[in-house]
Every structure is written in structure tokens, then in C-alpha cells.
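Written below as C-alpha cells is the structure these notes are about.
Bear in mind these aren't lab numbers, they're just calculated from the coordinates by the rules spelled out. Keep in mind that what you see is a predicted model, and the values were worked out from it rather than measured. Cβ sites come from the backbone with ideal geometry, for glycine too, and all protein chains shown count toward neighbours.
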Amino acid sequence: MGRTSPTYRQALEERLKRWDEFGRLLTTPEERAAFSALCRGARRYAAQATYVGSPDLLESLLLSVLLDLAARLPADAPPARPVPR
Amino acid sequence: MDGAAPTPDGWLLDITESDDGRSVVLWAKDRRTKVVRRTAVEYRPPFLVTGARPHLAALERHLARDPAVARVERRVARPSLYDRRARTVLSVTPERNPARRSLARAVDAFGGFDRYALFDVDLTPPHLYHLEHDLYPFAPVTGRGANLTATEPAATIDYATPPLTVARLRVTIAGERRGRIAPPDGRIGTVRLEGITFEGPEEEILRALVDELARSDPDVLLTEGGDAFDLPWLYRRAAALGLGPAAFQLGRERVAFGPSRPARTFESYGRLYHRSAAYPVPGRFHIDRENSFLYDDAEIAGLVDAARLSRLSLTTVVRQSPGTCFTAMEMAHARALDAHVPWKKNRPERFRDGDHLVAADRGGVIFLPPVGVFDRLDEFDFASLYPAIMVRKNLSAETLDCRCCPTSPIRAPGLGYRSCTERVGLIPRTLAPLLARRLAYKEAMRRPGVPPAEAAQWKRRVKMLKWILVTAFGYQGYRNARFGRIECHEAINAYARKLLADLIPAAEEEGYRVLHGIVDSLWLRPIDPDRPTDPAGFARRMSARFDLPLGYEGRYRWIVFLPATTHGLGVPNRYYGLYEHGDFKLRGIGGRRHDTPTLVRRFEHEVLDLFRGARDADGVRALLPRALARADLFVERVRSGGWPVDELLVAHRIGQAPEAFVTFTDSVAALRQLAEAGVARGAGEVVRFAVLDRRSRSFRARVRAAELLAGDERYDAEAYVEMLARDAETLLAPLGVDRDALLDRWGAAPRPEREEYRSPERTDQTVLTGP
């Protein structure tokens with residue numbers, strides 16, 4: 001396991017290493033904090049992503065990030081307003 | 001059968017190969033006199049060759065002219081587990097036993113490496129003798145020599161352990177302390193053998209030792225480092241003094257001086273290991289605690305059990321991994337099915353595409369726990385989950401996707417691999433009795449009124465079996481495993497993953513939330529803290545529902561899940577907690593690591609001791625100031641310069657050949673010191689040292705290797721203050737402690753910035769709270 005093909009966790013870390021380059025060019029502490037929270041979100045659901053075993057790394061990664069954000073929205077948040085044209 | 005076994009005359013201790021290459025030597029201990037008798041029995045086992053008829057005929061003609069071959073015969077057999085019908089095989093008996101392997105290689109080469117399949121080649125004659133004669137190490141026996149018969153089967157659970165006499169042996173070089181490097185011309189100053197110390201002129205010591213061994217006649221020599229030091233040194237000095245094998249005999253028969261098995265370095269799970277050479281003491285067993293993976297957990301009671309079940313000599317069991325024992329157990333079961341042991345596994349992995357690999361090649365479910373301090377947590381573990389799955393789902397190389405059951409309802413979730421419903425596979429056959437055994441041992445251990453010494457013995461057997469059961473799974477995926485198959489490995493994981501997924505809603509139905517889970521363990525917390533849960537009932541109901549044994553490990557007063565230093569999220573296997581029944585469970589913290597200096601272990605002990613008083617999570621949090629005060633005291637004492645240097649030893653396992661290191665590290669400095677003192681250390685070995693001046697560029701000033709330690713060295717206090725800070729952070733991070741703040745508190749220089757850019761993930765390492 002993890003030799004012939006990398007495990008999800010290995011592939012994820014590989015990808016996040018690339019993303020790290022992105023983070024290097026962020027200029028404000030707020031953006032950097034948000035970026036690191038995003039990376040944490042990507043890692044948080046590694047167990048679930050492994051369980052799915054999707055051949056598409058990005059699918060699982062983005063799903064993790066989105067869920068991490070969605071889970072932190074208050075349950076009684078007002079529905080999103082339509083974007084004004 | 002009237003069920004009453006005949007009273008044994010004694011015990012078969014061991015079978016060894018004899019020097020003449022044509023027989024094996026049986027070592028049996030008499031029940032009344034306790035004398036160990038040596039009997040040589042002529043025995044030259046054949047190996048089997050299969051192949052197409054014309055090829056077999058060609059080989060038969062070829063071997064008939066070979067002087068290394070005693071006999072070639074045609075037989076009818078079903079050598080492979082995959083064989084559905086009997087077929088003609090050649091049975092080849094070598095002239096001399098040691099030639100088995102070279103002869104087999106010649107046969108393989110004669111067939112162009114693909115025309116013949118060979119069986120039973122690399123089983124040793126003693127091992128085959130056991131299998132063929134229904135014998136096993138430590139069997140109670142009647143009769144003698146070739147008529148030796150076991151009075152009960154190896155599978156007997158409640159057996160009487162043979163009375164083995166154990167003698168501790170310890171050699172010291174004149175004028176030297178143990179553990180220091182002995183000079184090449186060093187003489188033996190003292191030898192201790194189980195309470196008796198021999199001193200005086202060297203030759204007298206050696207002769208006295210031989211006499212005492214003959215008099216007390218111990219079965220087991222127990223040493224600490226005997227393979228690397230005591231035995232080679234004894235033989236070396238005996239040779240230097242002109243004592244030959246006739247005069248200097250540590251075993252029960254004379255033997256040439258020299259190792260019977262060379263030293264080797266090997267890799268396992270990404271780590272390099274080193275095994276010292278083994279020196280023979282024929283007729284006795286030598287257990288080197290430092291060269292034995294299993295001894296520390298299993299001790300003699302466990303090792304005897306493993307030897308009985310695997311039919312491997314205790315000498316082998318001691319030095320080999322549990323995987324070797326498991327493979328040998330499989331061999332015994334294969335032979336019971338009249339199958340033979342393939343020499344090379346001629347079964348390549350089936351071709352599968354990349355997507356299938358991603359889907360199939362996954363491990364068990366491993367959650368990331370929330371970082372923080374928690375209480376009211378119940379822990380549940382499946383007992384031997386993977387072996388139990390293998391047994392329940394009949395997972396074995398020859399029963400997976402078999403041709404006889406295309407519509408089998410037993411299918412690996414998500415992968416579809418079918419299990420045979422017609423016959424029981426070799427792996428389940430091997431594992432089922434082991435699982436039953438482990439349960440029986442556990443029950444015996446907990447029987448009311450069982451004397452502590454007996455309970456301890458059961459416990460060691462349980463531990464031994466645990467290791468063997470753990471390997472059973474891993475060996476399915478190991479390319480050299482004789483009866484393994486990667487698809488089994490994948491199927492087991494698939495069943496286990498599905499199980500954990502099914503348990504999440506099942507636990508919620510019972511009022512539990514899953515806080516953490518690793519493969520076969522679950523940490524659950526009541527959803528409503530005021531509604532009492534029924535953990536024992538939960539375990540029972542889940543065991544019944546999933547037909548796999550879930551056990552209730554206990555409730556935690558509190559447990560701390562620790563973060564990774566890199567990204568601050570929880571780490572699956574790094575936590576410490578206190579059960580309500582008063583035991584700690586520690587995983588991944590300093591004290592569990594082999595490289596941690598005693599200083600750090602002591603600090604951890606103090607903190608844990610302090611936290612022992614906490615009733616719940618709040619209690620732990622309230623104790624933080626006192627934990628930090630303890631840390632302050634440690635720092636103060638370390639800085640006073642008076643901490644004993646031998647408690648400051650850091651250990652490092654050398655991960656590569658010493659000359660391959662490119663940066664100058666503490667380990668490199670220690671290795672150079674050792675090299676200068678004439679001691680070579682290779683990859684896989686451990687180097688231990690105290691840090692004297694971590695900034696020094698000189699390998700002599702930077703550290704001091706443990707073997708060269710005088711005891712009065714001045715150590716680098718700040719290096720150890722940093723280690724304390726690192727460890728305190730590891731333990732206390734969830735309580736808001738961080739390393740830099742600690743260093744600041746202690747007025748230490750801040751850690752040097754390794755790189756200009758610090759990953760943003762590291763700047764906000766704060767306490768994360770659980771859900």
C-alpha cells in the first residue's frame with residue numbers, strides 16, 4: 001500500500017506542497033490565515049476521502065475544503081441573496 | 001480413544017541438524033531424571049518437483065546421473081493448494097541435507113527457471129521431521145529416537161510447560177565496564193552464570209564455566225547482548241588460549257567456534273534493523289534479549305507456545321519475526337491438507353489498471369481526532385479484527401475468486417472479490433484455532449483465583465499470539481509471503497472500512513457520537529451528557545449485529561488528543577489518557593519513543609503523575625500551572641550542570657551507511673568517535689550519545705558516544721532545555737502551551753529560524769477545541 005500508487009494522504013500532501021507556493025505570495029496576515037485554514041480543511045477529511053477512493057484527487061480535496069467551510073456556517077444563517085445584476 | 005493420554009517419559013526440547021548431513025539430532029529431556037538425551041536419527045527428506053510429463057521425464061533422467069542425488073522417485077500428489085486433481089511429481093532426495101538448496105537451484109536452472117515448480121525446498125530437515133512425525137518443540141513424548149511419539153497434539157491449550165532451567169550469563173572484560181568498548185586484546189575478567197561468579201586467570205575462568213555448565217546443565221542461556229558480545233567473546237578468548245571445541249563447550253555437544261548465522265541488516269516498515277550474528281550452543285537455547293524481537297513481550301512462556309505451534313526451534317523463534325512463525329504455522333496446516341510448501345511463489349499479481357489500484361489499494365479507516373482534552377469517553381476495540389474477518393469471510397489466496405463459486409454471496413464491499421463457499425481456505429484454517437486459543441488464554445488469565453504467576457504466563461502467551469495475528473494480515477500483502485495474495489489484503493481492508501462506516505450510524509442510534517476511530521478502535525462520547533449510556537451492552541449488541549467481537553476497553557476520566565506540529569490538526573496515534581480503572585494509555589508521546597533520553601521520560605512521568613489526580617477534563621486544565629512549575633524545576637536542575645550524564649543519552653537508529661551522511665549531525669559525530677575507537681556501526685544499528693556542545697564543529701567536542709562516556713562530562717544544558725521545551729509542547733499543546741513561549745519563559749535563546757518563510761500553518765498554532 002502506498003508504494004505502487006500513493007495513498008490519498010500522500011497525494012494530498014504532495015498537492016498541498018504545490019499550494020504552499022501559492023501561499024508564499026500572499027501579502028496580508030488575514031489572507032495567510034485564511035489560506036492555512038483552507039489547507040487544514042483539505043486535510044481534515046482525509047479519512048472520508050480515503051474511504052471514497054476516487055481516482056480524482058482534486059474532487060476529494062475540494063469536497064473536503066467545501067465541507068470544512070459549510071460545517072462552520074451557522075445553521076440559522078440566512079439564505080444567500082441573489083447576486084444583484 | 002479413551003481420551004486418557006499416556007504419561008509422557010519426558011519432553012522433546014529441540015531437533016537440530018547433525019554435522020554428517022544425513023540425520024537430525026533429537027534432544028529429549030527425561031521427566032524423572034531431568035537429563036537431556038541426544039539421539040541422532042537418520043533422516044534425509046526429499047523435495048518435490050512438478051512440471052509437464054516430458055519435462056519431468058527429462059529431469060528424472062538427468063538427476064539419475066547426479067552424484068548429489070540419493071534417490072529420484074515418481075509419486076502421485078497434490079502439492080499445491082490450487083491443485084484440484086492429483087498429479088505425477090518427482091520426489092528428489094539429496095545425498096546430503098545441506099545440499100538441498102543448491103540441488104533445488106540446479107533443478108530450477110535445468111528447467112530454464114520456468115518449467116518446474118518446486119516444493120518443500122527451504123524447510124529445514126528438523127522442521128520437516130516435526131511435520132512428518134506429528135512432533136513439535138516441547139512436546140510431551142514417549143519412546144526414544146525414531147520411535148518418539150507426542151502424547152498430545154500441538155494444539156492442546158492447557159498443556160504443562162516443560163521444566164526448563166534458565167541460567168543468566170554475563171561476561172565482563174578485565175578492567176572494563178559493561179557497555180563500553182572492549183579493547184581488541186581485552187581479557188575476560190569475570191563470568192557470571194546464574195548467581196555464580198568466576199574470577200581469576202582467564203583460562204581457569206573458561207574451564208570453570210564449562211565445568212559449571214556441565215554440572216548444572218541449564219537448558220536456556222539468557223543474556224543481554226550475548227549474540228553481539230558474550231558468546232563471540234567467549235569463543236574468541238577460548239581460541240586465543242588454545243582451547244579447542246573439545247575443551248570448550250557451551251552447548252551439550254562440541255561445535256566449531258564461529259557463528260551459525262551471519263549478522264544481517266534488513267528493512268521493515270521503512271525502518272532499518274540490525275540483527276547480530278548467532279553463535280551455536282547445540283542442545284541448549286541461547287536467548288539474547290537484545291537480539292530478540294519477541295522476548296520482551298512474550299518471555300519464555302510465549303516463545304515456547306510459538307515454537308509448539310510453528311514447529312520451529314526455540315532458537316529460531318527467538319531470533320525471527322512473528323511473521324516467520326506465522327508462515328511456519330501455515331506450512332503445518334498446509335501439510336495437514338497434504339499440500340506442500342511452494343519454494344518460490346509463482347503467482348504474479350493479476351493485471352489491474354490504475355483506477356482499480358486507487359480503489360482497491362487502501363488501508364483501514366483512520367480518523368483525525370479533534371485536538372483537545374476530553375472526558376466521558378468510552379473506548380471500544382475489535383479483538384483481532386483482521387484475522388476475524390479473514391476467518392468469517394474465508395479470505396485466503398486459494399479461496400478468493402475461485403472457479404467453483406461464481407455466484408458466491410460473500411463479496412468484498414466495493415471490490416467484488418468473491419470468497420469460496422465450498423472449502424475453507426488455508427489462512428482461515430490457520431487463524432481460527434489461533435483466535436480460539438487467544439480467547440481461551442484470556443479467559444484462563446481472568447479466571448477467579450488464578451495465581452499471579454500463572455496469570456502472567458497466560459498473558460505472555462496472549463501477547464505472543466497477538467503479534468502473530470497482527471502479522472497474519474500484513475503477510476497477505478508481502479511479496480515474499482508463501483501463501484499470501486495482495487487481493488486478500490485489499491479485501492480485508494474493504495470489509496474493515498465498511499464495518500467502521502456502518503458503526504457510525506449504529507453508535508448514534510445508541511446515543512453515541514464518534515469522536516475518533518482507528519481501523520479497529522473507536523472512541524465514543526455520549527451525545528447527551530445527562531443520558532447514561534450502556535457501553536457493555538453496546539459492545540454486546542454490536543458484536544452480535546456485525547458478527548465480529550467488539551470489546552469495551554473502558555471509560556476515560558480524561559484523554560488528551562495531541563496535534564501535529566506541522567499543521568495543528570489531530571494526529572491519529574498521538575494521545576494520552578487515564579481510564580476510570582486507573583491505567584494510563586499512552587501513544588506517540590516521548591516516553592514511548594526509543595530515542596528519548598531518560599531526562600525527558602522522567603519529566604513525562606512527573607506530568608502524568610500529576611494529572612493522575614484529575615477527575616475530568618477541567619481537572620487536567622486546572623493542573624496546568626503546576627505542570628509548568630514542574631517543568632521549571634527540571635530546567636533549573638538541568639542548568640545547574642548536575643544531571644547525571646547517563647540520563648541524557650539520546651538514541652538514534654542509523655538510517656543509512658555512516659559514510660553516506662552528508663550533513664554533520666550529532667549522530668555523525670558519535671559515529672566518528674566510535675569509528676576512531678575502532679567500533680564500526682552500520683545502517684540499522686543504534687548509536688547513543690550525550691550532547692556536550694551542539695554548536696561545535698568538532699566531532700570530539702560535540703557529543704560523547706555512550707560507550708565512551710566517563711560520567712563526568714559537561715553537557716550542553718541548553719540543548720536539553722530545548723528537548724524539555726519540545727516535549728512539554730508535545731504533551732501540553734492542547735492546553736495552550738507552545739515551545740517558543742516556554743523557551744521565552746525560561747530565558748532561553750529562541751529557536752533559530754530555519755528558513756526565511758514560515759508556513760502560515762505554523763503561525764496560528766492555538767488550542768483547537770473539539771466539536
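Using the Cβ-Cβ distance between B:Ser216 and B:Asp609 with R0 set to 41 Å, the FRET efficiency works out to roughly 0.45.
At 0.890 mPa s and 25 °C, plugging the Kirkwood radius over alpha-carbon pairs of the protein assembly as shown into Stokes-Einstein gives what diffusion coefficient in µm²/s? Write down the numbers at each step before the final one.
Values: Rh = 31.0 Å.
Translational D for this selection: 79 µm²/s.
Estimated at 0.36 nm per residue, the fully extended path between B:Gln656 and B:Ala155 surpasses their Cα-Cα distance by 176.1 nm.
Between B:Thr421 and B:Ala536, what is the FRET efficiency for a Förster distance of 35 Å, r being their Cβ-Cβ separation, to the nearest 0.05? In this case the efficiency is close to 0.55.
Here the convex hull built on the C-alpha positions of chain B has a volume of 211 cubic angstrom per residue. For segment A:8-72, what percent of Cα pairs sit more than 16 Å apart? It works out to 44 percent of all Cα pairs.
The trypsin sites (Lys or Arg not before Pro) found in segment B:477-570 that occupy coil by DSSP, while having at most 15 further C-beta atoms within 10 Å, are B:Arg479.
Where only DSSP H runs of four or more residues are counted, chain A gives -21000 deg cm²/dmol as its mean residue ellipticity at 222 nm, each run worth -39500 (n - 2.57).
Express in nm, to one decimal, how much length is gained between B:Asp646 and B:Arg392 on full extension, taking 0.36 nm for each residue of separation and deducting their alpha carbon distance.
Full-extension gain reported as 86.3 nm.
As a proxy for reagent exposure, ranking B:Cys488, B:Cys402 by other Cβ atoms within 10 Å from fewest up yields B:Cys402, B:Cys488.
Distance between the modelled labels on B:Thr142 and B:Ala506, one decimal in nanometres: 4.9 nm (7 Å Cα→Cβ projection).
Projecting the Cα atoms of B:Val41, A:Ser54, A:Ala42 onto the dipole axis of the protein assembly as shown, where Lys and Arg carry +1 and Asp and Glu carry -1 at the beta carbon, places B:Val41 farthest toward the positive end. Sequentially through segment B:550-556, phi angles give Karplus couplings (6.51, -1.76, 1.60; θ = phi - 60°) of 8, x, 8, 6, x, 9, 8 Hz, Gly and Pro residues having no value and appearing as x.
In order along segment B:500-510, phi translates into HN-Hα couplings of 5, 5, 5, 6, 4, x, 4, 5, 5, 4, 9 Hz, rounded to whole numbers, per the Karplus curve 6.51 cos²θ - 1.76 cosθ + 1.60 with θ = phi - 60° and x for Gly and Pro. With the convex hull drawn over the C-alpha atoms of segment B:47-122, the volume per residue is 80 Å³. Going by neighbour counts of Cβ atoms within 10 Å, the residues B:Ile205, B:Ile366 line up, fewest first, as B:Ile366, B:Ile205. Among B:579-587, B:299-307, A:62-70, B:602-610, sorting by the average number of other beta carbon atoms lying within 10 angstrom of each residue, highest first, gives B:299-307, B:602-610, A:62-70, B:579-587.
Counting only residues at least eight positions apart within a chain, or on another chain, the aspartates and glutamates with an alpha carbon under 14 Å from that of B:Lys459 are B:Asp158, B:Asp296, B:Asp297, B:Glu299, B:Asp305, B:Glu443.
Temperature 4 °C, viscosity 1.567 mPa s: under these conditions the Stokes-Einstein estimate for segment B:166-320, based on its Kirkwood radius over C-alpha pairs, is 80 µm² per second. Taking 15 Å as the cut-off, the amide N atoms of segment B:391-413 that come nearer than this to a point 7 Å along the Cα-to-beta-carbon line of B:Ala432 belong to B:391-396, B:399. Model label points for B:Arg96 and B:Ile527, set 7 angstrom from Cα along the Cα-to-Cβ axis, are 7.5 nm apart.
May I ask you to list the trypsin sites (Lys or Arg not before Pro) in segment B:33-142 that are in a DSSP loop and have at most 15 other Cβ atoms within 10 Å of their Cβ? Kindly include the intermediate steps, with their values, before the conclusion.
Details: sites: B:Lys34, B:Arg37, B:Arg38, B:Arg61, B:Arg65, B:Arg71, B:Arg74, B:Arg75, B:Arg84, B:Arg85, B:Arg87, B:Arg96, B:Arg100, B:Arg101, B:Arg105, B:Arg115; in loops: B:Lys34, B:Arg65, B:Arg84, B:Arg85, B:Arg96, B:Arg115.
For trypsin sites (Lys or Arg not before Pro) across segment B:33-142 that sit outside H, G, I, E and B with at most 15 neighbouring Cβ atoms in 10 Å, the list reads B:Lys34, B:Arg65, B:Arg84, B:Arg85, B:Arg96.
Only helices enter this figure: runs of n ≥ 4 DSSP H residues, each worth -39500 (n - 2.57), summed and divided by the residues of chain B, yield -10500 deg cm²/dmol at 222 nm to the nearest 500. Considering only beta bridges that DSSP places wholly inside segment B:166-320, some 70 percent are antiparallel.
Restricting to Cα pairs below 8 Å that are 6+ residues apart, what does the relative contact order work out to for segment B:16-156? Please round to a whole percent. Spell out each step's value before the answer.
On the way: 222 pairs, mean separation 33.4, N = 141.
It rounds to 24 percent for segment B:16-156.
The label-point distance for B:Thr565 and B:Arg264, in a model that sets each label 7 Å from Cα toward Cβ, rounds to 3.6 nm.
Largest first, the extents of the alpha carbon coordinates of segment B:107-244 on the three principal axes equal 60, 47, 27 Å.
Which whole-number percent is the relative contact order of segment B:385-511 (Cα, under 8 Å, 6+ apart)? Can you show the working numbers first?
Values: 152 pairs, mean separation 37.5, N = 127.
Rounded, it is 30 percent for segment B:385-511.
Taking a 27 Å limit on the Cα-Cα distance, which of the listed pairs B:Lys29/B:Lys466; B:Lys393/B:Lys466; B:Lys29/B:Lys442; B:Lys466/B:Lys498 fall beyond it? Over 27 Å apart, Cα to Cα: B:Lys29/B:Lys466; B:Lys29/B:Lys442.
In whole percent, what relative contact order does segment B:653-753 give with Cα contacts below 8 Å and a gap of six or more residues?
20 percent.
Calculate how large, on average over all directions, the projected area of the Cα convex hull of segment B:645-714 is; give the answer in nm² to one decimal. Could you put the intermediate results ahead of the total?
On the way: hull surface 17.1 nm².
Value for segment B:645-714: 4.3 nm².
Restricting the chymotrypsin sites (Phe, Trp or Tyr not before Pro) of segment B:179-265 to loop positions (DSSP other than H, G, I, E, B) with no more than 15 neighbouring Cβ atoms within 10 Å leaves nothing. Peptide A:39-51 shows a mean partner chain C-beta count of 5 within 10 Å per residue C-beta. If R0 is taken as 60 Å, the Cβ-Cβ distance between B:Ala622 and B:Arg87 corresponds to a FRET efficiency of 0.20.
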